[in-house]
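J.: Would you mind keeping the following structure in view while I ask a few things?
The values are calculated or read from the model by the stated rules, or taken from the named source; none is laboratory data. None of the values given here were measured: they were computed from a predicted structure. Here Cβ is always computed from backbone atoms with ideal geometry, including for glycine, and neighbour counts include all displayed protein chains.
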Amino acid sequence: MNEEFLAAKELRKAFNGNVAVDVVSFSIMRKEIFGLLGPNGAGKTTTIRMMATVLPPDGGDVMVDGHSVLRHAGEVRKLIGVCPQELALYPELTALENLVFFGQMAGLGGKQAKEAAGENLLLVGLQDRAKDAVAKFSGGMKRRVNLAISLMSRPALLFLDEPTVGIDPQSRNHIFETVQRLRGEGMTVLYTTHYMEEADRLCDRLAIMDHGQLIAVGTPRELKAQIGQPEKVTLEEVFLSLTGRRLRD
Amino acid sequence: MLRPVHIALFEVRRYIVDRGDLAFSLALPMALFALMYGVFGGDETFNGTANVVDLDGGPAAQEFVSRLESVDGLQVRLRSLDEADRALARTSILTAIVIPPGFSDALAAGEPVKLTVKQRGTGGDEGQIVSSIALSVAQRIAAEVQARRWARTTMEGSAIPQPEIDQAAQAAVTQADADPAVDVAVVVEGESGRADGGQFVDRLLPGILVMFLMFAVTLSSQVIVDERRLGTLERLLTTRLTLNQLFAGKFLAGVARAMLQAVVLLALAYAVLRVGGPSSFFQALAFALLVAAAVGAIGLVIGAAARTREQATWAAVFFTMFMTIFGGTFFDPSETKALDVLSHVTLNRYAIDALEGITSGGKSFADYGVQAGIMAGVAVAALTVARWAFRRTVK
Ligand SMILES: Nc1ncnc2c1ncn2[C@@H]1O[C@H](COP(=O)(O)OP(=O)(O)OP(=O)(O)O)[C@@H](O)[C@H]1O
Ligand SMILES: [Mg+2]
């Protein structure tokens, strides 16, 4: 559990002069569930996009299992799966078709992709709706398809950018259990969420970002200890005391 | 690597799964073709105009004109030689029948006569029908003049009563009709050049086919902005898919979608209109494939340059309209020099010329090496530019 699997080194990114990520460094250990928290606009998604090889950083680098996203993006892509914050699906096609296609793009053969699609639909509880067009799904079901797609290649490192936004407690719980099961199978997970109790329950370690900077890193207990007795304070209180109460964006 | 093929198949699947889109894209070319065929080509009865230049002015010439006028469905328009020449040059008419000076006298003297048919190219279907009507009318007049002359010379002054002379003359006409003693020759004075005004349908089919292939520009131009909007582009870029594979997949998808329409339209034309045999069908399809490749590649150039869906759509629509209009889909671009030159900067001109020859001109793919080379060249050049611009758009 102490082997470093991902290392972000002094990542920087600005959009038209507006700094979105401001010299951010952290590590994620193998088989860890690592939470990335922060108010809206803190730079979480931008950080993930750089780690996922789709957004070139202005400065710094990310090493995934020893491969640089700058120099060996191809190697990094073999290791990662991304569940983006915004749904990324083909709505007119069925859940199964979406999964099989992305499976093929991730390097699976036709038969393998179909098998994996079946397993992942089962995992997210959509096996009965496999042949329905995604456009007809509820918001929560689409979220689960979005998650299932990112699991198609059984990645060693999974980026989950707010996977539980806008879904009911049952679905959220289902996703929770899924993430824990995957970690049990050896997957390393980076998880962002605005639900503090969710992060508290799920994550081994957390990083809190604000204004593009990393302002705290540690286990939930360590972070709580910064402002009081860990048993008595909530993660939400830690978050608010670190990031302030002013509205963002 | 099969990934580009997977992308192409997947995209075709997305296209097909939207039944509305599909029905629209296939029904539209059929409906348009049926409509135009009905308007321009579907006449069962013949209707035409004979442009006649009477340089003779004698009684036989007048008889000739009035008999032409009495033919069902045929109007006669008398023109001066100058007028006819100018109309021919403009291709506003494709044939003119010229009655030479001395026509009546020669006929009366029992000498062979000539009618001159001036025409552009083959003169078109209408021109050919009019010429053959003119020939038979002239032959009949010649036969009658001949028979009357014979009856007059042999029976005049004899005691045979007039009605019997008439009867014999009539018999002689019938006889002469079957075996004319006087030759009426039609001399064709043609101008080389494209003669398609009269064969509207022959050119219409390739025109519409190419126009629909052109629509692939619009579809291809949107694939990248479309995937960006869905968020799937970024998702694809986190997989093992390389930019080259993505690019190849999008190109293949565009070609496949365009060919879907081409196959339907051509199959319909060959089945219903009996345009030609299977060999001609497959050659036309092969040429259509080249056109689809050129057009799909151009679509990707526009797609790679456009930042928004609107930009892509407008650029593609403008391109398509220009190519379709000035390429000669709906009129003959060889009518004026300027149009002729302009049409040669469009892909459509070359594509329509070749497809017309293959579908209805009795020619083969091999006769259109230049046109095929132009399609392939444009495809390669556009693919190179698009691939170069692609990285910038996708990132
Ligand atoms: N493509 C972009 N172009 C311009 N600015 C951007 C772009 N992406 C992000 N930003 C800006 O960068 C900053 C960080 O955005 P980011 O999406 O990373 O935040 P976040 O922490 O994921 O927020 P949220 O919790 O709302 O998802 C914001 O100010 C945002 O407006
Ligand atoms: Mg975000």
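J.: Mind checking which residues of the stretch A:1-52 are more than 7 Å from ligand 1 (Cβ to nearest atom) and small (G, A, S)?
T.: A:A7, A:A8, A:A14, A:G17, A:S25, A:S27, A:G35, A:A52
J.: Among residues belonging to the stretch A:74-99 that are buried (at least 18 other Cβ atoms within 10 Å of the Cβ) and small (G, A, S), point out the one that is farthest from the other protein chains (Cβ to nearest Cβ).
T.: A:A95
J.: Between a residue in the stretch A:55-69 that is more than 11 Å from A:R12 (Cα to Cα) and any residue that is acidic (D, E), which pairs come within a Cβ distance under 7 Å, given they are 6 or more apart or on different chains?
T.: A:H67/A:E75; A:S68/A:D61; A:V69/A:D61
J.: In the set B:S92, B:S66, B:S80, B:S131, which member is exposed (fewer than 13 other Cβ atoms within 10 Å of the Cβ) and in contact with a strand residue (DSSP E or B) (Cβ under 8 Å, 6 or more places away or on another chain)?
T.: B:S80
J.: Within the stretch A:195-247, take every residue that is without any contact (Cβ under 8 Å) to a residue 60 or more places away in the chain, within 16 Å of ligand 1 (Cβ to nearest atom) and outside any helix (DSSP H, G or I) and give me the one that is nearest to the other protein chains (Cβ to nearest Cβ).
T.: A:Y195
J.: With the requirement that a residue be more than 14 Å from chain B (Cβ to nearest Cβ) and under 22 Å from A:L70 (Cα atoms), what does the stretch A:37-52 give you?
T.: The answer is A:G43, A:K44, A:T47.
J.: A follow-up question, please. With (1) under 18 Å from B:L55 (Cβ atoms); (2) modelled with pLDDT under 85; (3) hydroxyl-bearing (S, T, Y) as the list, and B:T116 as the residue in question, which single condition is left unmet?
T.: Status for B:T116: all satisfied but (2).
J.: Here's another thing I want to ask about it. Among the residues of the stretch A:113-170, what is the count of those that are of a type in the set (G, A, S) and within 16 Å of ligand 1 (Cβ to nearest atom)?
T.: The total comes to 1.
J.: Give the residue that is nearest to A:V189 (Cα to Cα), with candidates limited to residues of the stretch A:53-73 that are surrounded by 20 or more Cβ atoms within 10 Å (Cβ to Cβ) and within 9 Å of chain B (Cβ to nearest Cβ).
T.: Going through the qualifying residues, I end up with A:T53.
J.: Name the helices (runs of 4 or more DSSP H) wholly within the stretch B:302-395 that hold at least 1 residues that are within 14 Å of chain A (Cβ to nearest Cβ) and of a type outside the set (A, V, I, L, M)?
T.: B:369-394
To keep it simple, each residue is scored yes or no on (1) surrounded by 13 or more Cβ atoms within 10 Å (Cβ to Cβ); (2) acidic (D, E); (3) within 22 Å of A:E32 (Cα to Cα).
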residue: A:H211; (1), (2), (3): yes, no, no
residue: A:L214; (1), (2), (3): yes, no, yes
residue: A:E222; (1), (2), (3): yes, yes, yes
residue: A:E231; (1), (2), (3): no, yes, no
residue: A:T234; (1), (2), (3): yes, no, yes
residue: A:V238; (1), (2), (3): yes, no, yes
residue: A:L247; (1), (2), (3): no, no, no
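J.: Let me ask something else about it. Taking the conditions exactly as written (outside the structural domain of B:D340 (by TED's automatic domain parsing), out of contact with any helix residue (DSSP H, G or I) (no Cβ under 8 Å at 6 or more places or on another chain), closer than 20 Å to B:F64 by Cβ and at pLDDT below 75), does B:A169 satisfy them or not?
T.: no
J.: So which of A:R144, A:R183, A:R172, A:R205 ends up being among the charged types (D, E, K, R), surrounded by 16 or more Cβ atoms within 10 Å (Cβ to Cβ) and either modelled with pLDDT under 90 or within 16 Å of ligand 2 (Cβ to nearest atom) (or both)?
T.: A:R172
J.: How many residues does the stretch B:29-48 hold that are exposed (fewer than 15 other Cβ atoms within 10 Å of the Cβ) and modelled with pLDDT of 75 or more?
T.: Total satisfying the criteria: 3.
J.: Does B:L339 qualify as being within 19 Å of the chain's Cα centre (by Cα), surrounded by fewer than 21 Cβ atoms within 10 Å (Cβ to Cβ) and in the same structural domain as B:S221 (by TED's automatic domain parsing)?
T.: yes
J.: Right, another one. Those residues that are over 23 Å from A:P163 (Cα atoms) and within 16 Å of ligand 1 (Cβ to nearest atom), I need them from the stretch A:53-68; list them, please.
T.: A:P56, A:P57, A:D58, A:G59, A:G60
J.: So A:G118 fits all but one of (1) within 13 Å of chain B (Cβ to nearest Cβ); (2) away from ligand 2 (no atom under 16 Å from the Cβ); what number is the exception?
T.: (1)
J.: Does B:R235 satisfy the criteria of being farther than 18 Å from B:A379 by Cα and not in a helix (DSSP H, G or I)?
T.: No, not satisfied.
J.: May I ask you to list the residues in the stretch A:138-185 that are in contact with a Leu (Cβ under 8 Å, 6 or more places away or on another chain) and not in a helix (DSSP H, G or I)?
T.: If the condition is that a residue be in contact with a Leu (Cβ under 8 Å, 6 or more places away or on another chain) and not in a helix (DSSP H, G or I), then A:L151, A:M152, A:S153, A:P155, A:A156, A:L157, A:L158, A:F159, A:L160, A:P163 are the ones that fit.
J.: Among the residues of the stretch A:69-82, are any at pLDDT 95 or above and either within 16 Å of ligand 1 (Cβ to nearest atom) or in contact with a Cys (Cβ under 6 Å, 6 or more places away or on another chain) (or both)?
T.: Taking every residue of the stretch A:69-82 in turn, at least one turns out to be at pLDDT 95 or above and either within 16 Å of ligand 1 (Cβ to nearest atom) or in contact with a Cys (Cβ under 6 Å, 6 or more places away or on another chain) (or both).
J.: If you don't mind, another one. For the condition closer than 30 Å to A:Q112 by Cα and out of contact with any Cys (no Cβ under 6 Å at 6 or more places or on another chain), what is the one hit in A:D168, A:D161, A:D200?
T.: After ruling out the rest, the residue left standing is A:D161.
J.: Just for the stretch B:97-113: of the residues that are at pLDDT 85 or above and within 37 Å of the chain's Cα centre (by Cα), which one is surrounded by the most Cβ atoms within 10 Å (Cβ to Cβ)?
T.: Step by step, filter the stretch B:97-113, then rank; the result is B:I97.
J.: Would you point out which residue out of B:F247, B:F282 is assigned by TED's automatic domain parsing to the domain that holds B:V217, within 30 Å of B:L205 (Cα to Cα) and not acidic (D, E)?
T.: B:F282
J.: Another question, if that's okay. It is to be established whether one or more residues within the stretch B:238-258 are buried (at least 22 other Cβ atoms within 10 Å of the Cβ), within 30 Å of A:L157 (Cα to Cα) and β-branched (V, I, T).
T.: yes
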